[in-house]
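Since every read-out is calculated from the coordinates, none of them should be taken as a lab result. From a predicted model like this one, the values you see are computed outputs, not experimental measurements. Backbone-built Cβ (ideal geometry, glycine too); neighbour counts: all protein chains shown.
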């Protein structure tokens, strides 16, 4: 088969010609995001270390827990499109020039949307895959030349300067380290690819789109023409606190653990405002907590865009929640450690992405450092 990384060879040849290569043992070592990417991204978007949500943004309901009648697609087929992305980042080594050096990373980034028809059949509606080369461009004198070589290789190849700021990595302490920062940067590129796919979908009226993960600024703020979509967070940040009415109408503060400990299957919580009401968020339990390993398993946190920043109908929030409860009926049990809060269509979108990745073996074989001219 043709080497899928052929477009990166000119950039590698510049590194070998201009600097000294310190290759990673075993050619390529996968870099993982620490902490868990979804929870880390969730914490960054939600702001502070101990965020307090004190603005209720639904009407007319004011109950802390609300029953959500299950809405199966036979009755009302709400969610039709499901979007997910994935990123795998590998450390290739360091390139050294005098007393300066930069790590070199390659990432496979992809996103896919799947569509479900009236009969429940799923097919891939759109998928995109890219290769991303990441380095500290200004740490070596030939960084601009490498960027030019990568960008000229075609639309599938992306160059990223690790020192460039973005709204995701800056708030992650672990992301300050170059090795960890690369994985977070790749995840940000992945979300950009997801957004492009979301914008390009042609959806009929009332065909809702479900996004894996929360709604960052790229959705809630920048997608003004977007409609009928929601983000579903499987691994939510656990340090949120909520201001709710207690006895005799007095306000009291409860944490996430207290809030979810009393949430029954098929129920949702009261909806609160994020970002001054630009996003509406609440929890819904689709499984458990009985027979699960941890009481917070089986819970989703939902985010809904709210461009008007006004109160959202309790009926709409309950309807979206009921449709999500119905999505639990097929589960990737044994296929994913997050099966308890994983929705099967999102799992299928995730598999569509990963099936488009080249294997680690092919990546290692296709990304061998070229020999310097004097050793050839």
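Descriptive notes on the structure:
- Segment 198-250-segment 86-131 distance, computed between alpha-carbon centres (Å): 24 Å
- Packing, as the average of other Cβ atoms within 10 Å across residues, places the peptides 185-195, 2-12 in the order 185-195, 2-12, highest first.
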